[in-house]
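The values are calculated or read from the model by the stated rules, or taken from the named source; none is laboratory data. Given the structure is predicted, the values throughout are model-derived calculations rather than measurements. Here Cβ is always computed from backbone atoms with ideal geometry, including for glycine, and neighbour counts include all displayed protein chains.
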Amino acid sequence: MTRFFGHISCVVAAVIVAGCSQQDSPSAAEVDAATESLMATQVQPEAQVYWDAVQFISDADGLHEIVPETDADWERTIEAARELKALGEELQQPAYAANRGADWQDFSQGLVDIATRAEAAALSKDPHKVLDAGGVLYNVCSACHEQYMELKAGAAPIAQRPADLQQ
Ligand code: HEC
């Protein structure tokens, strides 16, 4: 019984905290920090899973194709697209969007839209469609970065580019 009440008071505390943070909108520094962390810990890793799934690499030894082979490989690719879709929705929340221009919502929705297409491509299990969607995904990331990301000296906008764009 004591434990049960312990849970209730936690829930009440959580609601109060959420209520407070909704009233004062986050500062620019908080929004930047939240965005940077979401990008580094979730957006980039999920995009990388998607880009790594299909790679047509040509080098001195000829053309190498990396494509998902098992159901688990495809499932991971589909899941990465779904995560990116959720992240595009998340980016539209005040924690990431407060005090930004209206185009922030467009760029974030752009991520939702391309991730939806990327998911359909992976569900179709057609490596060429996954490769195409991955290329467009890269452009969607870059479009928002051009507008909103201040390049720190020497830093690449995206840690790693998809292989098909590296040459
Ligand atoms: C709606 C806009 C928007 C979209 C879409 C977006 N980003 Fe970002 N991204 C940003 C902003 C703004 C920053 C800079 C955050 C900061 O440091 O203040 C950033 C920073 C980053 C960083 C650097 C993080 C760090 O550690 O400094 C990486 C990596 C990144 N984004 C990857 C991606 C990838 C990959 C995609 C596409 C799948 C993507 N982003 C899509 C806005 C966006």
Can you tell me which condition residue 76 does not meet? The list is (1) in contact (Cβ under 8 Å) with a residue 60 or more places away in the chain; (2) over 30 Å from residue 31 (Cβ atoms); (3) assigned to a helix (DSSP H, G or I), and all the others hold. (1)
Can you tell me which residue is surrounded by the fewest Cβ atoms within 10 Å (Cβ to Cβ) among those in the stretch 140-151 that are within 9 Å of the ligand (Cβ to nearest atom) and not aliphatic (A, V, I, L, M)? 150
Cβ-Cβ below 7 Å, separation at least six or inter-chain, first residue in the stretch 93-115 and closer than 17 Å to residue 42 by Cβ and at pLDDT 95 or above, second part of a loop (DSSP other than H, G, I, E, B) and within 9 Å of the ligand (Cβ to nearest atom): which pairs? 97/91; 108/91; 108/92; 111/91
Collect the residues in the stretch 60-85 that are among the hydroxyl-bearing types (Ser, Thr, Tyr) and more than 15 Å from the ligand (Cβ to nearest atom), keeping them in residue-number order. 70
Keeping to the stretch 35-59, report how many residues are modelled with pLDDT under 95 and within 8 Å of the ligand (Cβ to nearest atom). 0
Whether any residue in the stretch 60-76 is under 25 Å from residue 140 (Cβ atoms), at pLDDT 95 or above and of a type in the set (S, T, N, Q) is what I want to check. no
What is the residue count in the stretch 86-139 for residues that are more than 9 Å from the ligand (Cβ to nearest atom) and either of a type in the set (Lys, Arg) or outside any helix (DSSP H, G or I) (or both)? 10
Looking at (1) within 20 Å of residue 39 (Cβ to Cβ); (2) surrounded by fewer than 14 Cβ atoms within 10 Å (Cβ to Cβ); (3) modelled with pLDDT of 95 or more, which is the only condition residue 159 fails? (3)
Please list, ordered by first then second residue, the pairs with beta carbon atoms under 6 Å, 6 or more apart or interchain, first in the stretch 28-47 and surrounded by 15 or more Cβ atoms within 10 Å (Cβ to Cβ), second aromatic (Phe, Trp, Tyr) and at pLDDT 95 or above. 34/96; 35/96
Of all the residues that make up the stretch 98-116, how many are over 15 Å from residue 147 (Cα atoms) and either basic (Lys, Arg) or in contact with a His (Cβ under 9 Å, 6 or more places away or on another chain) (or both)? 0
